[in-house]
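The structure under discussion appears below in the form of structure tokens.
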Amino acid sequence: MSTLGVDLVEEILALKKQRNAVILAHNYQVKEIQEVADFVGDSLGLSIQASTTQADVIAFCGVHFMSETAKILNPSKKVILPDLDAGCSLSDSCPAEDLESYLKKHADKNYYVIAYINCSAGVKALSDVICTSGNAVRIVNRAPADRNLLFVPDQNLGQWVIEQTGRPMDLWKGACYVHVEFTRQSIQKIREAHPEAPVVAHPECTTAVRLLADEVCSTERMISYCKDHPAHAFIIVTESGMLHRLRREMPAKTFIPGPTELCACADCRYMKRNTLEKLRDALHSLEPSIEMPESLRARAEIPMRLMLEWSA
Ligand code: 13P
Ligand code: SF4
């Protein structure tokens with residue numbers, strides 16, 4: 001790291017101490033942020049950390065819905081996101097007003113709404129329970145047997161969960177713009193080049209890609225799968241930040257990025273908006289911070305707490 005980088009890290013660590021802050025980072029963050037974080041993980045691990053932290057300030061290096069989730073669980077704490085424009089295409093694919101109208105229009109179905117955590121506080125507030133990719137199968141298995149299930153917003157994750165649980169669900173037609181860029185052809189090609197390497201894919205990928213995978217799992221489970229597996233090389237079909245986490249934890253193994261039709265690996269433009277400089281500035285000014293009306297927060301907390309209870 002450059003001298004400038006070292007100074008920046010020192011500044012961040014000093015501000016962190018001064019603010020009594022914890023730095024939480026998603027597995028898709030850039031290498032420099034992962035290295036300065038107190039905890040790096042998937043959405044489930046980050047939610048658990050956010051629900052148990054003793055810090056006064058949560059510096060959330062991820063995307064908006066993740067920091068909003070931390071605020072939902074910690075109304076009295078300051079939650080900061082280095083770049084407020086770090087959004088999520090999947091979350092954007094299900095505006096709360098659209099879900100509300102849909103539920104009204106289909107009131108006869110009396111839906112039990114299961115929302116993937118990649119959604120806004122407004123969508124969470126309309127849901128019965130939240131899930132992540134790490135616990136979706138378990139959560140859907142616990143949903144009331146006598147209710148019609150509506151799964152929002154990711155149709156690909158929802159389809160995978162239907163196959164895993166055998167539980168029919170109606171699916172919102174949302175998708176992650178990063179994961180749908182992997183195609184059957186692009187993954188088949190890399191698999192032919194590395195026939196010895198198991199293919200590990202995130203469940204936000206399309207069914208066509210998932211069918212080529214040896215393992216479909218959350219980003220955190222990718223770590224334990226590759227640790228436990230005897231293979232020396234793996235093809236990783238998810239966002240590029242994951243490769244850093246895998247290489248850091250398993251330096252003796254080789255991780256090959258799953259390519260898209262256009263690129264050798266896939267970056268989430270939202271996750272990559274956060275930088276060390278923006279993190280330093282946010283810890284300094286405690287802005288941008290996440291705020292929401294208390295009535296919305298309190299309603300959104302109910303399905304979040306139920307998820308944490310069912311995941312324990
Ligand atoms: P994980 O919960 O598996 O880390 O996934 C989060 C995400 O945004 C995937 O695109
Ligand atoms: Fe959202 Fe996809 Fe980026 Fe994950 S990778 S934060 S689902 S846009």
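The values are calculated or read from the model by the stated rules, or taken from the named source; none is laboratory data. Predicted, not measured: the structure shown is a model, and the values here were computed from it. All Cβ positions, glycine included, derive from the backbone under ideal geometry; neighbour counts span all protein chains shown.
Matching residues to (1) under 26 Å from residue 78 (Cβ atoms); (2) in contact (Cβ under 8 Å) with a residue 40 or more places away in the chain; (3) hydroxyl-bearing (Ser, Thr, Tyr); (4) buried (at least 17 other Cβ atoms within 10 Å of the Cβ):
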| site | (1), (2), (3), (4) |
| --- | --- |
| 221 | no, yes, no, yes |
| 236 | no, no, no, yes |
| 244 | no, yes, no, yes |
| 270 | yes, yes, yes, yes |
Suppose we filter 133, 186 for residues that are part of a loop (DSSP other than H, G, I, E, B) and at pLDDT 95 or above; which single one remains? 133
Tell me which of these residue 292 doesn't satisfy, since it passes every other one: (1) assigned to a helix (DSSP H, G or I); (2) of a type outside the set (Phe, Trp, Tyr); (3) touching a residue at least 24 places away in the same chain (Cβ under 8 Å). (1)
Within segment 88-142, can you find the residues that are within 16 Å of ligand 1 (Cβ to nearest atom) and on the phi > 0 side of the Ramachandran plot? none
Output the residue which, of all residues in segment 11-66 that are small (Gly, Ala, Ser) and either closer than 24 Å to residue 310 by Cα or within 12 Å of ligand 1 (Cβ to nearest atom) (or both), is surrounded by the fewest Cβ atoms within 10 Å (Cβ to Cβ). 51
Limited to segment 223-268, what total is found for residues that are assigned to a strand (DSSP E or B) and aliphatic (A, V, I, L, M)? 6
Under 9 Å between Cβ atoms, which residue pairs at least 6 apart in sequence (or on different chains) link something in segment 257-268 that is of a type in the set (Ser, Thr, Tyr) with a partner that is within 13 Å of ligand 2 (Cβ to nearest atom) and part of a loop (DSSP other than H, G, I, E, B)? 260/178; 260/182
